[in-house]
Structures are given as C-alpha cells and as structure tokens.
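The values are calculated or read from the model by the stated rules, or taken from the named source; none is laboratory data. On a predicted model such as this, the values are computed, not experimentally measured, just so you know. Here the Cβ positions follow ideal geometry from the backbone for every residue, glycine too, while neighbour counts run over all protein chains shown.
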Amino acid sequence: MAERADAELGQLLELLAGDPRHAYRVGITGPPGCGKSTLTMQLIRELRAANQSVAVIAVDPSSPFSHGALLGDRVRMTEVAADDDVFIRSMATRGALGGLSASVADAADIFDAAGFNYLLLESVGVGQNELDIAQATDTVLLVQTPESGDDVQMTKAGIMEIADIFVLNKDDREGGDAVHAALAEMLHVRGQSPSPHSWVTPIVRTIALQSAGIAALCGAISEHRMFQERSHMLEARRVRRNLERVRHLVQSHVERELWSEERLRQLERELGAVGAAKPSVRRIAAHVLAEFWRCAGSGREFP
Ligand SMILES: Nc1nc2c(ncn2[C@@H]2O[C@H](COP(=O)(O)OP(=O)(O)OP(=O)(O)O)[C@@H](O)[C@H]2O)c(=O)[nH]1
Ligand SMILES: [Mg+2]
C-alpha cells in the first residue's frame, strides 16, 4: 500500500500520526548473496524467542544483481509464515515516489502503529541503497563475508561509515581472520576509542546457516539501542529522518508543480526558437521562478 503514495495512503498516515509507539528499526545490508536473508531469518527466531513481534521488509532494488533471489527468500521465509507476530513483505523500489527511503518510511509508520516491536529491513547494498537504509533505520548492520577481503579496502568510505555493527558472516569459510583484521584496521584508522559519548562499531562474526553468533549479534543490537537511548542520539536520528521526509515531500510536490509536460515542451520551444536573439538560460530560469512565486502568492494555479 505504501508504494502507491496516493491520497488514500496520505489519509491513513494522517490517522496514524501522533501514535507514540515505535518499532525499533534494524537495517541489514551488504553485497549480493552475503547472507542477509539467512541472518534476517535467524534474527526473527532470536527475537521471537524473546517474545518480540517482528515485521520484515525485504527491499527488491529491481536491479540486475538480485537474480530473483527474493523468490528464494520467500520460500525460506514460509518457515515463519504461520506466526501472527511475524509479518514479512517485499517491496519493489522501482518507480516508488521519492525512492526507497520515502516508501519504506511510510510502510514503517504503518508497522509502528500496528505495534510491532522490531522492524527488520533487508536491502542489497548497491549504489545509493546503503545510504537510504541508513536514513530509514535506527541500527545498520553491514554484512561482509570472508570473500569480501579486497572489497573492504575498496568500498567507498561513505558506505563503511553507515555501519553501526559489522557482521562478518559465512565465518565457516576460509579468510575470515584477514577480513576481520582489515575491518579492525579500518576502524582503528578512523580513530574510534571507547567513551560514553561515542559508539565503537563492533565486528560480530556469524555463521547464519548454523545459527552461530546470532545471540551475540542480538546483544550488539541491544547495546547500540541502549547507547543511542542514553545519549539521546536515537531521538536525534529520528528527528533527522523526519526532517528529511518533510523536505522530500515538499521538494517532490514543488517539482511536480513546476515541471509539467507542457511547461517542459514550452521551454524546449523557447530554447529552440530560431531567428530572434535568445534569452540566456539564467534569464529563462528567473522568469519561470518569478511566474511560479507570483502564482503561489496569489493562489492562482501555475500555468
Ligand atoms: N557457508 C555459509 N553459507 C551461508 C551462510 N549464510 C548464508 N549462506 C548461504 O549463502 C547463500 C545466500 O544467502 P542469502 O541469505 O540468500 O543471502 P542474501 O544476502 O540475502 O542474498 P541476496 O538477497 O540475493 O543479496 C545461500 O545459499 C545461503 O544458504 C553461512 O553462514 N555460511
Ligand atoms: Mg536476500
């Protein structure tokens, strides 16, 4: 429903607004096939054992990397399908208004109001996705594997920095120690030192297929949550998130108003007109803006 972003959804979100409940949002991202879905399944088990209800959104980035893996995920996830306190759905990002973070945030509002304790958000890390995940969640798990040795050095700094917790999954395979060392070195270079005011990104080693390391991972998530609550960073993170959402909504509304098909065609004609001296692009832009403000001020519709 949140993908439709229509008036109905707007009304529903309006009704839900002001509900003080919050599902704690955990993002699980990392390269294709690193074990995100398997880890998600294990986290569901662990959280259910602690009597926590869990909603899961598996984001399908509609990219050539996903190879229809989501279908496989769904099959595996039928294991928990009968449990009323677990809700799983996948969302396509293709064509979603405002991209991943906007539609996920709308869906998350609905899960909040439904009273879920946790919301897990799985998304394959490609391009902009990781940054959207960080935007939409309270704790980000960045999953690596023993095979991601060279990637640790190569991954853009900005991506590594979104990790609140590193998960080194598939630790049953060769090479885990080297990747662990590379991650630890990177964190050291970043100058992380323990203090009550800064979070030291832990590296948790797991074998999701064998349920190994999952309790430690849940422990790390709880600690990050408590750290953020104590330091009021959680509140700040949620305020920042909502600020971005408001900004996005306003921006896309203004964009839609400004750039009708008709206006774009008209501008194309103006810019392509032969003969008479053409006004500069700056002058045309100023003209469009002036017209827009005039209409906004007078309550008239922008032509
Ligand atoms: N050896 C080993 N294999 C694992 C482990 N965890 C997951 N796998 C396997 O790795 C493959 C991919 O796992 P998924 O959980 O689907 O990975 P994913 O990151 O969700 O994949 P995408 O959503 O396609 O990006 C599957 O065949 C899993 O069984 C592990 O700890 N050790
Ligand atoms: Mg998956």
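Of the helices (runs of 4 or more DSSP H) lying entirely inside the stretch 202-282, those carrying at least 3 residues that are among the acidic types (D, E) are 233-258, 261-272. Being among the basic types (K, R), more than 30 Å from Q135 (Cα to Cα) and touching a residue at least 12 places away in the same chain (Cβ under 8 Å) holds for only one residue in R263, R237, R269, and it is R263. Filtered by the rule that a residue be at pLDDT 85 or above and under 12 Å from L121 (Cα atoms), the stretch 42-61 gives L43, I44, V54, A55, V56, I57, A58.
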